[in-house]
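Beneath this line is the structure, given in structure tokens, with notes to follow.
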């Protein structure tokens, strides 16, 4: 629906009104002058304030028909209004007017400011009745409780496909819809500009999310990408790129390997050191998690044939890092990839209790630990 046009731009009306309101709230300091009777100016000031308030009341009652909603003829009809992050009282008032919820954005702003209710508007999708009172509208906007929501929890270490399945279980968005959205990279984030990036694999940040009912797949993917940006804000990617000669995408790839291989948070920087030590020495990483990713489905015990699978993700046959992440890593794994522990370890094996790894730089010790663990 097109926005109504007036004889003069609305923003000028709003600027005039803002100036008047601000003048009432914050009178300019008086200059010092010689002492004289203040009775005359005081009376004049009172009359001025009364006149301005009377003018505002006249505007309000004129626009609302003496207190009746300006959209009374449409009263009872429903309209949905979306409030997003960054919306102000003015922009929300405009949206309400466009949807015919209110008759005048300017009057709505006056009411909100006089009542002191326009400074805590919360994002969300709201449903209003056309002609609903301004007080009722403001209460909903300030409480943020109108729009129904649903929660989706994305665990750490899931692949893009597994994330899509998780989303399907907790929402009305199908796995196919989510995968289609997640396989695109045309979202407005600099970290996706690397030409090597073909999908959002690795950037779908694991966390519990709350979405408004009706959120589509593209919006959900964008929210997960936004969370990656938020969570990695304080991480020193630039420093790591210089020290380790790796791009951010390669660091995320390394973090995904750490995520899948580590048995606990404390050993993640050590896992990172093993990965980097092996790469420096030209040794294949031989990480089983990359074989599982190449297979496309989990398998409890990998066979020798599995280790020969034809795939760029096979780190038994291909040196260096795989071409991309194999899962969405946690912030701890990203931190470990950026700041690995200094060690000379080249091997690790999961102990029999499954709670931690045994690390060594000696191949014979590795074989002995592997036998002891029954692996």
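The values are calculated or read from the model by the stated rules, or taken from the named source; none is laboratory data. This structure is a prediction, so every number in the text was calculated from the model and none was measured. With ideal geometry, Cβ positions are generated from the backbone for all residues, glycine too; neighbour counts draw on all protein chains shown.
Some values worked out for this structure:
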item: Residue match in the stretch 150-169 (condition: in a loop (DSSP other than H, G, I, E, B) and modelled with pLDDT under 90); result: no
item: Enumeration of residues in the stretch 266-300 that are at pLDDT 95 or above, more than 15 Å from residue 319 (Cα to Cα) and not in a helix (DSSP H, G or I); result: 266, 267
item: Among the candidates 157, 170, residue that is under 30 Å from residue 253 (Cα atoms) and touching a residue at least 60 places away in the same chain (Cβ under 8 Å); result: 157
item: Failed item in (1) under 30 Å from residue 230 (Cβ atoms); (2) assigned to a helix (DSSP H, G or I); (3) out of contact with any helix residue (DSSP H, G or I) (no Cβ under 7 Å at 6 or more places or on another chain), with residue 332 passing the rest; result: (3)
item: Selection status of residue 298, over 15 Å from residue 350 (Cβ atoms) and surrounded by 12 or more Cβ atoms within 10 Å (Cβ to Cβ); result: no
item: Which numbered condition residue 271 misses (of (1) in contact with a helix residue (DSSP H, G or I) (Cβ under 7 Å, 6 or more places away or on another chain); (2) free of Cβ contacts under 8 Å to residues at least 60 places away in the same chain); result: (2)
item: Residue that is nearest to residue 228 (Cα to Cα) [pool: residues in the stretch 167-208 that are surrounded by fewer than 18 Cβ atoms within 10 Å (Cβ to Cβ) and in contact with a strand residue (DSSP E or B) (Cβ under 7 Å, 6 or more places away or on another chain)]; result: 208
item: Any hit, the stretch 227-250, residues being over 26 Å from residue 164 (Cβ atoms), touching a residue at least 60 places away in the same chain (Cβ under 8 Å), touching a helix residue (DSSP H, G or I) at 6+ places or on another chain (Cβ under 8 Å) and surrounded by 21 or more Cβ atoms within 10 Å (Cβ to Cβ); result: yes
item: Test: residue in the stretch 90-107 that is modelled with pLDDT of 85 or more, under 10 Å from residue 134 (Cβ atoms), part of a helix (DSSP H, G or I) and in contact with a strand residue (DSSP E or B) (Cβ under 9 Å, 6 or more places away or on another chain); result: yes
item: Which listed residue, of 319, 312, 325, 329, is exposed (fewer than 15 other Cβ atoms within 10 Å of the Cβ) and either closer than 23 Å to residue 158 by Cβ or outside the structural domain of residue 285 (by TED's automatic domain parsing) (or both); result: 312
